[in-house]
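Okay, structure first, notes after.
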Amino acid sequence: MLIGQGIDVHRFAPDRRLVLAGVEIPHALGLEAHSDGDVVLHALCDALLGAAGLGDIGHHFPDSDAAFKDIDSRVLLRRVMGSLGERDLRVHNADLTIVAQAPKLAPHLAAMRACVAADLGCPPARVNLKATTSERLGFTGRGEGIAAFAVVLLDAAGGSTSP
Ligand code: MG
């Protein structure tokens with residue numbers, strides 16, 4: 001077993017779509033980013049790369065590279081999963097937490113969970129998604145942006161973790 005954690009933060013911006021865990025959410029503001037700004041999938045990618053000992057998302061998909069401009073973060077997640085697959089690493093489970101004052105995310109959690117599970121290649125029951133506010137405290141509480149936290153556990157299917 002290999003454990004990894006990931007954290008990401010993006011700032012709200014006008015004239016942007018809000019995409020969280022691969023699901024587009026109706027909201028007046030979206031998240032500023034070089035990619036589609038999916039803060040949840042970025043935290044998840046970092047957790048997966050961390051567990052695999054493969055660095056971080058900025059190293060693999062630099063925002064200086066025009067190829068990643070406005071890219072669907074599910075494409076990045078699938079590439080990370082490809083790298084893990086080459087190393088015989090599979091996701092045992094993932095636990096994701098979104099910190100946002102608004103919008104209300106509860107109605108979208110099931111769709112997000114299904115989306116993430118499909119990309120991770122595991123049953124939805126192995127992907128837990130939670131949303132919380134920060135009680136109006138800090139940058140998330142003031143509605144300046146969204147933070148996401150991810151923890152994953154990987155099975156080293158081949159019994160070896162060497163690349
Ligand atoms: Mg990010």
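The values are calculated or read from the model by the stated rules, or taken from the named source; none is laboratory data. This structure is a prediction, so every number in the text was calculated from the model and none was measured. Neighbour counts run over all protein chains shown; Cβ positions are idealised from the backbone, glycine included. We work out accessible area using only protein heavy atoms, side chains counted, and drop any ligands, DNA or RNA first. Shrake-Rupley method; radii C 1.70, N 1.55, O 1.52, S 1.80 Å.
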Lone unmet requirement of (1) more than 14 Å from the ligand (Cβ to nearest atom); (2) surrounded by 14 or more Cβ atoms within 10 Å (Cβ to Cβ); (3) of a type outside the set (D, E) for K104: (2)
Filter region 30-44 for residues that are touching a Gly at 6+ places or on another chain (Cβ under 9 Å) and within 9 Å of the ligand (Cβ to nearest atom); the one that is farthest from V9 (Cα to Cα) is L41
Where the second residue is open to solvent by less than 40 Å² (accessible area, probe 1.4 Å) and in a helix (DSSP H, G or I) and the first is under 8 Å from F12 (Cα atoms) and touching a residue at least 40 places away in the same chain (Cβ under 8 Å) and lies in region 137-148, which pairs have Cβ atoms under 7 Å and are six or more apart or on separate chains? I146/V39; I146/T140
Answer from V75, V9 - the residue that is of a type in the set (A, V, I, L, M) and under 28 Å from E135 (Cβ atoms): V9
Going through region 85-99 one residue at a time, which ones are open to solvent by less than 10 Å² (accessible area, probe 1.4 Å) and among the small types (G, A, S)? A94
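For every residue, the table says whether it meets (1) of a type in the set (K, R); (2) within 14 Å of the ligand (Cβ to nearest atom); (3) on the phi > 0 side of the Ramachandran plot; (4) touching a helix residue (DSSP H, G or I) at 6+ places or on another chain (Cβ under 9 Å).
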| position | (1), (2), (3), (4) |
| --- | --- |
| I25 | no, no, no, yes |
| A28 | no, no, no, no |
| A47 | no, yes, no, no |
| I57 | no, yes, no, yes |
Note down all Cβ pairs under 8 Å where the first residue falls in region 1-22 and is charged (D, E, K, R), the second is within 14 Å of the ligand (Cβ to nearest atom) and open to solvent by 90 Å² or more (accessible area, probe 1.4 Å), and they're at least six residues apart or on different chains. R11/E32; R16/E32
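To keep it simple, each residue is scored yes or no on (1) surrounded by 14 or more Cβ atoms within 10 Å (Cβ to Cβ); (2) among the basic types (K, R); (3) at pLDDT below 95; (4) within 20 Å of P103 (Cα to Cα).
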| site | (1), (2), (3), (4) |
| --- | --- |
| V9 | yes, no, no, yes |
| L20 | yes, no, no, yes |
| V23 | yes, no, no, yes |
| L41 | yes, no, no, yes |
| L44 | yes, no, no, no |
| G58 | no, no, yes, no |
| S83 | yes, no, no, no |
Please name all residue pairs, on different chains or six or more residues apart, with Cβ atoms under 8 Å, provided the first residue is in region 77-105 and is in contact (Cβ under 8 Å) with a residue 24 or more places away in the chain and the second residue is exposed (fewer than 15 other Cβ atoms within 10 Å of the Cβ) and among the aliphatic types (A, V, I, L, M). D88/A157; L89/A157; R90/A157; H92/M1
Name the pairs: first residue in region 108-126 and exposed (fewer than 15 other Cβ atoms within 10 Å of the Cβ), second residue polar (S, T, N, Q), Cβ to Cβ under 9 Å, at least 6 apart or on different chains? A125/N93
